[in-house]
Amino acid sequence: MSEKRITTPLTEEAIADLHSGDRVLISGKILTGRDAAHKRLVELVEKGEPLPVALGGQIIYFVGPSPAKPGQVIGSAGPTTSGRMDSYSPVLLELGLKGMIGKGYRNQEVRDALIKHKAVYFGAIGGAAALIARRISSAKVIAYEDLGAEAIRELEVEDFPAVVVNDIYGGDAYQEGRAKFERKEATGT
Amino acid sequence: MRELQAAAITDAVSRLAKEACYFLPKDVVDKFDSALESEESETGRDILRQLRENVSIADAEEVPLCQDTGFTVVFMEIGQDVHVTGGDLNEAVNEGVKRGYEEGYLRKSMVTQPFGERKNTGDNTPAIIHSSIVPGEQVKITLLPKGGGAENMSALAMLKPSQGRQGVVDFVLNTISNAGPNACPPLIIGVGVGGSFDKVTYLAKKAILRDVGSRNPEPHLAELEDELERRANDLGIGPMGMGGRTTVMDVFVEEYPTHIAALPVGVNIQCHSARHKEVVL
């Protein structure tokens, strides 16, 4: 099983070719954002005001990096738990967001929104933060600088490793992977 | 009575914070290596290989293994024949955290007013400090940077005594099952049984500091640890929840006498970035 190489912005054809469990290497520009930035974006949408970033075709990476050491582009930069963004993500998917990178389960509402709006949720390797930082060639804050680690950044990435968790066909790599390896007597209840 | 300068404690805490966040303990790294041999899932092995590479990069470049450098949990075992001079002991610890997180380029993640303004304190203080008085004239400091993702999947249950051992087993396995990919498996599971509402979670937290591969000297607890480890790995969650045989690296159980009406169980979940570092002053 080899990795699929994909580049941003994501096209409909590229998305249609992604299936749960696929290992991918992502290259191009991606955005970052986590709890506080998502809260602000959705508040703007609710007020009908313009967003400070264009989301069409983009991927948002849920990350709050550690501070960069002198000479580094960015500090360690692994994914944070995606479930905390569940209440915000459907709104952004409706605006044309095509991908999210994080770790952990998404709720049914997000999984339904992925199918409806033809977008993909990728799982990155939590805790592989020093390795992932090496795949980031540039980083600049483009909105909400006051949020520090939680500001929205634009990253240029090359061969960013991830796995397709939820695809546009309703696939779920967590459920499918676990079902393959579960030994039923485990829970015993 | 031995005198110990508060400044020496600040220096030690500052150094421990940096080293803990850069260098993964050897027992954990060795477990990555052995799991790479035994893991049956190809994606699981690929993830373990990348975790192993991450350890090497963090070590060589002295950068954080994970961007989440945690709450700073500090355990102090203070010898009763030690007199700390030249400052307030708890302030000295917090000063060490502040200095270590700033100098070490570690992320500051503590916020005030948890359900309100959630304003970052800017220096990762206050630390979560647990002090105990022990015989002797030394101070042992253990620093545990504890990531938010795994801590969020930890759980406490006040079981009925009639639920017994089976109740403990079911609660631990359900907690691991619910945590799934969110807590960054392969996990280390700390289980506390007995004591009170507060004591049991303290036992669980202390348990995650044990070396991978160690067993509780009490045979009935060692046996429970073996069973929980085997059954947790049978859940099939695997590295980062993508399916596989390596869901936990180990399970550690600690117990304490409890009330006639009580059977508290605490499960503290530690991610694979199982960082901690200690020093004796």
Does region A:96-108 contain any residue that is farther than 30 Å from B:ILE237 by Cβ, out of contact with any strand residue (DSSP E or B) (no Cβ under 9 Å at 6 or more places or on another chain) and away from chain B (no Cβ under 11 Å)?
yes
If we scan region B:178-189, do we find a residue that is buried (at least 24 other Cβ atoms within 10 Å of the Cβ) and touching an Asp or Glu at 6+ places or on another chain (Cβ under 7 Å)?
yes
The residue from A:LEU131, A:LEU92, A:LEU114 that alone is within 30 Å of A:ALA68 (Cα to Cα) and away from chain B (no Cβ under 14 Å) is A:LEU92
Only one of (1) touching a Pro at 6+ places or on another chain (Cβ under 8 Å); (2) among the β-branched types (Val, Ile, Thr); (3) touching a residue at least 60 places away in the same chain (Cβ under 8 Å) is not met by A:VAL110, so which one is it?
(3)
Any idea which of B:ARG165, B:ARG245, B:ARG230 is under 29 Å from A:PRO79 (Cβ atoms), among the basic types (Lys, Arg), at pLDDT 95 or above and over 19 Å from the mean Cα position of the chain (by Cα)?
B:ARG245
Within region A:139-160, the residues that are within 11 Å of A:ALA36 (Cβ to Cβ) and more than 13 Å from every other protein chain (Cβ to nearest Cβ) are A:TYR144, A:ILE152
For A:VAL63, state whether it is of a type in the set (A, V, I, L, M) and within 12 Å of chain B (Cβ to nearest Cβ).
yes
Condition first: part of a loop (DSSP other than H, G, I, E, B) and either at pLDDT below 95 or buried (at least 22 other Cβ atoms within 10 Å of the Cβ) (or both). Now tell me which residues in region A:162-181 satisfy that.
A:ASP167
Tell me, which residue of region B:46-65 that is without any contact (Cβ under 8 Å) to a residue 12 or more places away in the chain and either within 29 Å of B:LEU235 (Cα to Cα) or among the aliphatic types (A, V, I, L, M) (or both) is farthest from the other protein chains (Cβ to nearest Cβ)?
B:ALA60
With more than 17 Å from B:LYS205 (Cβ to Cβ) and either without any contact (Cβ under 8 Å) to a residue 24 or more places away in the chain or not assigned by TED's automatic domain parsing to the domain that holds B:THR10 (or both) as the only criterion, which of B:THR85, B:THR121 stands out?
B:THR121
Among residues of region B:240-271 being within 14 Å of chain A (Cβ to nearest Cβ) and among the polar types (S, T, N, Q), the residue farthest from B:THR72 (Cα to Cα) is B:THR246
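Okay, residues lined up against (1) touching a residue at least 40 places away in the same chain (Cβ under 8 Å); (2) within 24 Å of B:VAL28 (Cα to Cα); (3) buried (at least 21 other Cβ atoms within 10 Å of the Cβ); (4) within 13 Å of chain A (Cβ to nearest Cβ):
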| residue | (1), (2), (3), (4) |
| --- | --- |
| B:LEU159 | yes, no, no, no |
| B:SER162 | no, no, no, no |
| B:ASP170 | no, no, no, yes |
| B:LEU173 | yes, yes, yes, yes |
| B:GLY194 | yes, no, no, no |
| B:PHE197 | yes, no, no, no |
| B:VAL200 | yes, no, yes, no |
| B:LEU203 | yes, yes, yes, no |
| B:LEU209 | yes, yes, no, no |
How many residues are surrounded by 21 or more Cβ atoms within 10 Å (Cβ to Cβ) and more than 19 Å from the chain's Cα centre (by Cα) if we restrict to region B:248-280?
2
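The values are calculated or read from the model by the stated rules, or taken from the named source; none is laboratory data. Remember, predicted model here, so these are calculated numbers, not experimental data. With ideal geometry, Cβ positions are generated from the backbone for all residues, glycine too; neighbour counts draw on all protein chains shown.
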